[in-house]
1. Please give the net charge around B:Arg144, taking every other residue with its beta carbon less than 10 angstrom from that of B:Arg144, where Lys and Arg add +1 and Asp and Glu add -1.
2. Take every Cα-Cα distance within the stretch B:346-469, group them into 5 Å bins from 0 onward, and report for each bin the whole-number percent of pairs it holds.
3. Name the residues whose placed amide hydrogens come within less than 5 Å of the amide hydrogen of B:Gly242, ignoring near sequence neighbours (fewer than 5 apart) on the same chain.
4. Magnitude of the Cβ-charge dipole of the stretch A:82-343, K/R +1 and D/E -1, about the Cα centre, nearest 20 debye?
5. Between B:Arg301 and A:Asp404, what is the label-to-label distance in nm when each label sits 7 Å out along the Cα-to-Cβ direction?
6. Find me the longest stretch of chain A that has none of the exposed trypsin sites (Lys or Arg not before Pro), where exposed means in a DSSP loop (not H, G, I, E or B) with at most 11 other Cβ atoms within 10 Å.
7. Size of the dipole of the stretch B:88-171 about the Cα centre, Lys and Arg at +1 and Asp and Glu at -1 on the beta carbon, nothing else charged, in debye to 20?
8. How large is the dipole of the protein assembly as shown about the Cα centre if only Lys and Arg carry +1 and Asp and Glu carry -1, each at its Cβ, rounded to the nearest 20 debye?
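Derivation of every value follows stated rules applied to the coordinates shown; laboratory data play no part. These figures come from a predicted structure and were not determined experimentally. Counting neighbours? That spans all protein chains shown, and the Cβs are built from the backbone with ideal geometry, glycine included.
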Amino acid sequence: MNYIPNTDADRADMLAVIGVPSVADLFHDVPEKQRFPELDLPPALSEMEVLQELQALADENDDLNHVSCFLGAGAYNHFVPSVVDSLIRRGEFYSAYTPYQAEISQGTLQAHFEYQSMICALTGMETSNVSHYDGATATAEAVIMALQVGRGKRSKVVLSPTLHPQYRAVVRTYTQGMGIQIAGEDAPLGDLAALAGPAGADSACVVVQNPDFLGRLYTPAEMQGLADKVHAAGAFFIVVTDPVSLGLFVPPGQYGADVVCGEGQPMGNALSFGGPYLGFFATKLSEVRKSSGRIVGQTVDTDGKRGFVLTLSTREQHIRREKASSNICSNQALNALAAAMYLAAMGKYGLRTVAELSYHKAHYAAGLIAALDGYEVKAAGLFFKEFVVRCPKPVALINQALLDEFGILGGYDLGSDYPELKDHMLLCVTEMNSRAEIKQLVDALEELAGSDDLAALDGEEAAQ
Amino acid sequence: MSEPLIYEISRAGRRAVSLPACDVPEAPFPADAVRADLPLPEVSEIDVVRHYTRLSQLNHSIDTGFYPLGSCTMKYNPKVNEVAARLPGFASLHPLQDALSAQGAMALIHSLQELLAEIAGFSAVTLQPAAGAHGELTGVLIMRKYLYDRGETQRDIILVPDSAHGTNPATTSMSGLKVMVVPSDARGNVNLEILRSLTAKHGPHLIGLMLTNPNTLGLFDENVEEVVRLVHEAGGLVYGDGANFNAILGIAKPGLLGFDVMHYNLHKTFSTPHGGGGPGSGAVGVAAFLADYLPGPIVVRDEDDEYAWQMPAKSIGRVKAFWGNFAVLVRAYTYIRMHGAEGLRQVSENAVLNANYLQARLRDVYPIPHSDRTCMHEFVAQGKLEGAPGINTMDIAKRLMDFDFHPPTVYFPLIVAEALMVEPTETESKETLDAFADTLIRIAEEARTDPELLKTAPHHAPVKRLDEVKAAKDMVLCYGPGCGG
């Protein structure tokens, strides 16, 4: 099946108009010995067969419809109202291109203007772009913006050690070869004040995540305290955040952030094994011309009627080429549209309810686990929906048993990113976890703490 | 036709979702951390449905009409792709769950890595980059790291033809490297004489060349092997921009032509929807000697025949969180499996046939600088019409909207004045191509007899021509207090 409407008769007619004898004659510019190479591919399947094959592959996975999920660490299992996927499936949205021709793209443009508006409302900022690829690349773009503003005189980037480890890795990839210095990652975990130390006249920015990768929520006063020191050093204060947390907590725009960015997946986007997600990115009006990514602006048509266009394009690659603020072209527009639909449907009270339910359930789970023998909940301060638990056995073993014996997807194993947190897991609880599921997790953890099977497995692993 | 903003239909007290009651004891909130107000809209479910349905109806899309946007490959997006990507076994998978609990998804990733490598003639592929430009950044970082690992740290120049997409020079700058532009020759190829002098002069400082082939004039470079040879001879590497790969599936393999690195645009060539600007996927393929430099982790098959994540030994690092735009990968995989080798070759043959047919139908009406050559999947005409001095490409583009056609790409490539870049794709019928050609011929006539009709177009779109200068000046970038304007 190839979706090609041309018939043999059509092809013959078209070749006659073109004036060549055969389709193969259209390719004489390709070096002859390289022309028409064999492609060693499996034979073509019909639609029915391909769906059967895909279903078989899908069935091999333990998806969240069959297990209960306490895993987060940057991708979150939140409820998606039916309206979101129903509307996002409209071909008028998903089969359109970037809205360069504004007059026939008002649907996408207005929806993205509304997305920008709701992201501004959520983050407490003045402008938002229409997305970066994900939370990690949005963070890297924020760092690059700060470096560009620093014009080479400010070449140090301070990253909190509790910024998502993969985000720190992406910042490192993006900035390799720029001759910059990355500092801050050796600061004590959770010590905000320690990040002010490395921030000096040579620093372009300080990047902090709140709630941080380990789940800890810093108060607006703590964050403002750091923001003041960062600003005193003349650097940008970049805050990475969970948009659902902003349904309940004071937004970074109210405690001194110059850029607020992060992973937008929790707003109406499926987990989909890691993508496509969207990186949201919001900043101040005074910084918008230095930022990257598409932006929609309001204007009027020749009749004076309101309409929307892509604007401030002189920052972008298709106009500025090597002088652009970034090379970004395609972004995550459809995911941003899903996020807009999610925020519209959730509204003022729905998002707050999601955040409150996640908060209450996470605290309920933490309380029960803290009471278990062998486990310790390591929540030094406030937290939102994630918290760290020290386990009596290696996390990998506990997770394997949780999945195999109880149908539970356990928490993120922190040992590989933070050697000092060996045997520590990061648990996540959202509105999707019922009280019964939480109880089941707690009972399972209790059982596994004393399980000889696990001890045996542990020994087996040690022997290997 | 207009639709109010979602904020303008908000009424206090309306709700569009029902959430469960709290079934656990409530924990106290930290009072000083709780926000006072959350200024999001309050609407009912039917408000949401009608609002976005009406907005969708203001869009032109592939599902509603022809979309001959050059270098964007706006082919039909098969519906089966959407079903495949939403199978719960894919859509409800957490990216960080244990590899052994996601073997089906990893098998699909592994297969797609191998399928893409075979189609373009490369040794190894990463699926992590999220878009074409992201793939370019990945490729350039790979080239630099490979050369620097050999001790050639003085290399800092990338050659970019003047016909290149804007992302190529932007990527080069973003990587901290210098751009040097190579002009095209009279036949639309890379100018070999100038390339020779550039490689002779700057050879030891070259990272390499970024080449789109077929290029943005829609032409397959007649000297591609010589171009590649010259860059390699200077110690540089050749990067292939795969934006125009739809022209050469089963026709030529870039890896065999000597390209060292290439990105694929799965959202162009492999039918995944553009989504109003994304998501895409910019998978990157490399020759064997660069395989260790790929970003990762990528999927490998281990000795137990299980799929596992592995970071390539000399990797440039991660370019994105997690593994790539997986749901986009599922769609591309579906497309490739439904086509097979013969089907993919038919895709390119018909894409090129359709473009040449349109070029033939229009070449006596619109100037087409290289119409003496056969084009590949696209061609570039000019909106300069004899007898219509006041009419430009933008006028023609806007008038096309009145006939329910999306305009071609306009004013690109930059090396052709008043460019109209037309890419019909293989999924359009001869009837559609004829209707489009007839319309462009009619518009050329209108340009002479009634230019005002074009100057004031569009007449039947949801809005008339929009004031872009005002938008950039006023900077009204969101709704509500503190949003400018």
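1. Numbers: positive: B:Lys145, B:Arg155; negative: B:Asp149, B:Glu152, B:Asp156.
Overall, the nearby charge balance is -1.
2. Binned Cα distances yield the sequence 2, 11, 21, 24, 21, 12, 6, 2, 0.
3. Excluding prolines and chain starts, which carry no amide H, the hits are B:His263.
4. Details: 20 positive and 22 negative charges, 136 e Å.
The dipole of the stretch A:82-343 has a size of about 660 debye.
5. Computed distance between label sites B:Arg301 and A:Asp404 equals 2.5 nm.
6. Numbers: sites that count: A:Arg151, A:Lys153.
Longest stretch, sites excluded: A:154-464.
7. Details: 4 positive and 8 negative charges, 27 e Å.
Rounded to the nearest 20 debye, it is 120 debye.
8. Working: 74 positive and 114 negative charges, 683 e Å.
Computed charge dipole of the protein assembly as shown: roughly 3280 debye.
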